[in-house]
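The structure under discussion appears below in the form of structure tokens.
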Amino acid sequence: MLKSTVFLMCLVFLAGAILPIQAGFNIQIGKSVQQPVFAAFASFLIGTIALFIYLLSVRFNFSSISATQSVSPIFWTAGILGAFYVASVIIIAPKLGTALTFSLIVGGQMIISLILDHFGLLGFSIKEINWQRLLGVVFLVLGVLLIRKY
């Protein structure tokens, strides 16, 4: 159990580490055509193709897609949220800098994550807010302030 948890933590850390690199790549694409939102579009298009190839390679049963009819329509807005996130980073990171942009992203993620965990929203298991978790968010906010100042 511990080995799998450590592996998952490393994988998620790697996923987080890739985000600023992805932003830099997307910024360059956006600059080349002088339209940052095109870079977000290209990113999602290429990502969609890559995911489709992956689904084919694992022999995904596409007939199971009909089961998604039972999913609330609000959950389908996840793609819009992802597009908003990617486009925002492409537009804002060159103005604020990578470190400040991503420290603000992490701060926002932590605050919402605490709320989702505390109330068990969206199917997450309940993990109540306590002073240790709040202290962690305070440290993140202080980190954002330090990055902003220096």
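When you look at ALA42, is it part of a helix (DSSP H, G or I), within 24 Å of GLY107 (Cα to Cα) and outside the structural domain of PHE102 (by TED's automatic domain parsing), yes or no?
Numbers: part of a helix (DSSP H, G or I): yes; within 24 Å of GLY107 (Cα to Cα): no; outside the structural domain of PHE102 (by TED's automatic domain parsing): yes.
For ALA42, the condition - part of a helix (DSSP H, G or I), within 24 Å of GLY107 (Cα to Cα) and outside the structural domain of PHE102 (by TED's automatic domain parsing) - is not met.
What about ALA39, is it modelled with pLDDT under 95 and either within 25 Å of PHE84 (Cβ to Cβ) or surrounded by 14 or more Cβ atoms within 10 Å (Cβ to Cβ) (or both)?
Details: modelled with pLDDT under 95: no; either within 25 Å of PHE84 (Cβ to Cβ) or surrounded by 14 or more Cβ atoms within 10 Å (Cβ to Cβ) (or both): yes.
Spelling it out, it is not the case that ALA39 is modelled with pLDDT under 95 and either within 25 Å of PHE84 (Cβ to Cβ) or surrounded by 14 or more Cβ atoms within 10 Å (Cβ to Cβ) (or both).
Return the only residue of GLY123, GLY136, GLY107 being more than 20 Å from ALA93 (Cβ to Cβ), of a type in the set (Gly, Ala, Ser) and under 18 Å from the mean Cα position of the chain (by Cα).
Details: GLY136 fails: under 18 Å from the mean Cα position of the chain (by Cα); GLY107 fails: more than 20 Å from ALA93 (Cβ to Cβ).
On inspection, the qualifying residue turns out to be GLY123.
Take the residues in segment 105-150 that are assigned to a loop (DSSP other than H, G, I, E, B) and β-branched (Val, Ile, Thr); name whichever of them is surrounded by the fewest Cβ atoms within 10 Å (Cβ to Cβ).
Going through segment 105-150, the residues assigned to a loop (DSSP other than H, G, I, E, B) turn out to be 120, 124-130, 150.
Retained after the next criterion (residues that are β-branched (Val, Ile, Thr)): 126, 129.
Working: ILE126: 10, ILE129: 13.
The residue in question is ILE126.
Pick from segment 71-115 the residues that are in contact with a Pro (Cβ under 6 Å, 6 or more places away or on another chain) and at pLDDT 95 or above: which of them is farthest from GLN28 (Cα to Cα)?
Step one: list which residues in segment 71-115 are in contact with a Pro (Cβ under 6 Å, 6 or more places away or on another chain), which gives 90-91, 98, 102.
Next cut, at pLDDT 95 or above only: 90-91.
Numbers: ILE90: 9, ILE91: 11 Å.
Per the stated criteria, the residue is ILE91.
Report, ordered by the first and then the second residue, all pairs with beta carbons closer than 9 Å, sequence separation of six or more or different chains, a first member in segment 43-65 that is surrounded by 10 or more Cβ atoms within 10 Å (Cβ to Cβ), and a second member that is at pLDDT 95 or above and part of a loop (DSSP other than H, G, I, E, B).
Once the first residue is surrounded by 10 or more Cβ atoms within 10 Å (Cβ to Cβ) and sits in segment 43-65, its partners that are at pLDDT 95 or above and part of a loop (DSSP other than H, G, I, E, B) give TYR54/PHE60.
Please find, within segment 1-27, the residue that is nearest to ILE105 (Cα to Cα) out of those that are loosely packed, with under 10 Cβ neighbours inside 10 Å and among the polar types (S, T, N, Q).
THR5
Can we say GLN28 is in a helix (DSSP H, G or I), over 16 Å from the mean Cα position of the chain (by Cα) and farther than 30 Å from LYS149 by Cβ? It would help to see each step written out before you state the result.
Numbers: in a helix (DSSP H, G or I): yes; over 16 Å from the mean Cα position of the chain (by Cα): yes; farther than 30 Å from LYS149 by Cβ: no.
So GLN28 fails the test.
The values are calculated or read from the model by the stated rules, or taken from the named source; none is laboratory data. The model shown is predicted, which means the values in this text are computed figures rather than measured ones. Neighbour counts run over all protein chains shown; Cβ positions are idealised from the backbone, glycine included.
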